[in-house]
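The values are calculated or read from the model by the stated rules, or taken from the named source; none is laboratory data. This one's a predicted model, so the numbers in the text were calculated from it and none came from an experiment. In this analysis, Cβ positions are derived from the backbone assuming ideal geometry, glycine residues included, and neighbour counts consider all displayed protein chains. In case anyone asks, the SASA skips ligands and DNA or RNA and just uses the protein heavy atoms, side chains included. Shrake-Rupley method; radii C 1.70, N 1.55, O 1.52, S 1.80 Å.
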Amino acid sequence: MCSYCGCEAIELIGQFMAEHVDIVNATGALRQALRRGDVAVAAAAAGTVAALLHPHTRREEEGLFRVLARTETFGAELAQLRAEHTDLDALLAAVASGELGPIVPFIDRLREHVNREENGLFPAAAIALDGPDWEELAVLTPTSATR
């Protein structure tokens, strides 16, 4: 996880980064279930991850992505990140329905996604947005379900 530029000091970005930590940490149970070949534990762990992931991606998309989408600069990147959210949801749903095969791709893609946001989008947002934008984000972004 990123900590080099200081963007985590912006309250909303700091919340998103803390949620990333919680989500990534929750994937440990998925990996353990895979090692044991335990479909039931994997499905339960997928539910736990989904309970963290879904509110998080909703917060990002309804808040930060919405405001950043107003500029041409972020269009392609936001489209890619939204597509990744959809892909992650599909992989996690497959695990929740009893498949073990999507666990490693889910974890790998999740980590890549988090890296793209924390080392690309979040620092860029910190530079591109100003005070009124952050005030608007505070209103637009749904409250965190996990914090």
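State whether one or more residues within segment 1-10 are open to solvent by 70 Å² or more (accessible area, probe 1.4 Å), closer than 28 Å to I127 by Cβ, in contact (Cβ under 8 Å) with a residue 40 or more places away in the chain and of a type in the set (A, V, I, L, M, F, W, C). Yes, segment 1-10 contains at least one residue that is open to solvent by 70 Å² or more (accessible area, probe 1.4 Å), closer than 28 Å to I127 by Cβ, in contact (Cβ under 8 Å) with a residue 40 or more places away in the chain and of a type in the set (A, V, I, L, M, F, W, C).
Could you check segment 32-147 for helices (runs of 4 or more DSSP H) lying wholly inside it with 2 or more residues that are open to solvent by less than 10 Å² (accessible area, probe 1.4 Å)? Write out each step before concluding.
On the way: elements: 39-59, 75-96, 103-116, 122-128, 131-140.
So the answer is 39-59, 75-96, 103-116, 122-128.
In summary, G131 fulfils each of the numbered conditions (1) under 24 Å from G28 (Cα atoms); (2) over 17 Å from the mean Cα position of the chain (by Cα); (3) without any contact (Cβ under 8 Å) to a residue 40 or more places away in the chain with the single exception of condition (1).
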